[in-house]
Amino acid sequence: MNTLIISDIHGSHQRLQDVLATPLPFEQMILVGDSLYHGPRNPILDDYNPQAVADLLNAVTVPILAVRGNCDAEVDQMLLNFPMMQDYTLTQLNNKKIYITHGHLVDPNTFGPQSNADIFISGHTHIPVLEKSGKTLMYNPGSIALPKGGHPNSYGYLSDSSLSILTLDHKPYMTLDF
């Protein structure tokens, strides 16, 4: 199953539109937290519009699996038509056990390899990661709105044969084939 993976939108409706315009097919979406609110430590973006982000996400026609980030609150849930308040979730995709959490409640570098997951997905740092730690593939798609560490705005894509981080022009930034 092809899956679009987005983290740290922080209310940026234009960046979300850019990602949703991907030419890649997807049958599911994973949101890794911090969807609507910019957060008190982040700048308010020029395209900051949480209601527009909620409208775009609510219009998505594929299933959405979402977890709560440190900037997400119950009031955000009131705008969204899918659950997003769980701190983590486990799922099975493409014969892989996947653990998904925003990353603010656990240290992905410590907890990820202990999770017994094939893929450990987190966000929070706004820095893309695609590396193996023991038997676990550690994955952070970066941020579509507020990238850090000199990295580009980025999002993720999981297919049957690979896991990728892509830039907003839909070009591969990091890819790992299975």
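Before moving on, here are some points about what is shown:
- Within segment 98-109, being farther than 20 Å from residue 42 by Cβ and open to solvent by 50 Å² or more (accessible area, probe 1.4 Å) holds for 107, 109.
- Within segment 149-163, residues that are closer than 18 Å to residue 177 by Cα and among the polar types (S, T, N, Q) reach partners that are surrounded by fewer than 21 Cβ atoms within 10 Å (Cβ to Cβ) and at pLDDT 95 or above with beta carbons closer than 7 Å, at six or more positions or on different chains, in the pairs 159/2; 162/175; 162/176.
- Applying the condition of being among the polar types (S, T, N, Q) and at pLDDT below 95 to segment 110-126 and asking which residue is surrounded by the most Cβ atoms within 10 Å (Cβ to Cβ) yields 115.
Here's the yes/no breakdown for (1) surrounded by fewer than 19 Cβ atoms within 10 Å (Cβ to Cβ); (2) part of a helix (DSSP H, G or I); (3) in contact with a Cys (Cβ under 9 Å, 6 or more places away or on another chain):
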residue	(1), (2), (3)
10	no, no, yes
15	no, yes, no
24	yes, no, no
33	no, no, yes
36	no, no, yes
45	yes, no, no
53	no, yes, no
56	yes, yes, no
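- Within segment 58-76, tally of residues that are over 16 Å from residue 32 (Cβ atoms), open to solvent by less than 70 Å² (accessible area, probe 1.4 Å) and not in a loop (DSSP other than H, G, I, E, B): 1
- Conditions (1) without any contact (Cβ under 8 Å) to a residue 24 or more places away in the chain; (2) open to solvent by 60 Å² or more (accessible area, probe 1.4 Å); (3) on the phi < 0 side of the Ramachandran plot: number failed by residue 95: (3)
- Those residues of segment 127-161 which are small (Gly, Ala, Ser), open to solvent by 20 Å² or more (accessible area, probe 1.4 Å) and either assigned to a strand (DSSP E or B) or closer than 22 Å to residue 87 by Cα (or both), in sequence order: 133
The values are calculated or read from the model by the stated rules, or taken from the named source; none is laboratory data. Everything quoted here is computed from the prediction, not taken from an experiment. Positions of Cβ are generated from backbone atoms using ideal geometry, with glycine treated the same way; all protein chains shown enter the neighbour counts. Please note that ligands, DNA and RNA were not included when accessible areas were found on the heavy atoms of the full protein model with its side chains. Shrake-Rupley method; radii C 1.70, N 1.55, O 1.52, S 1.80 Å.
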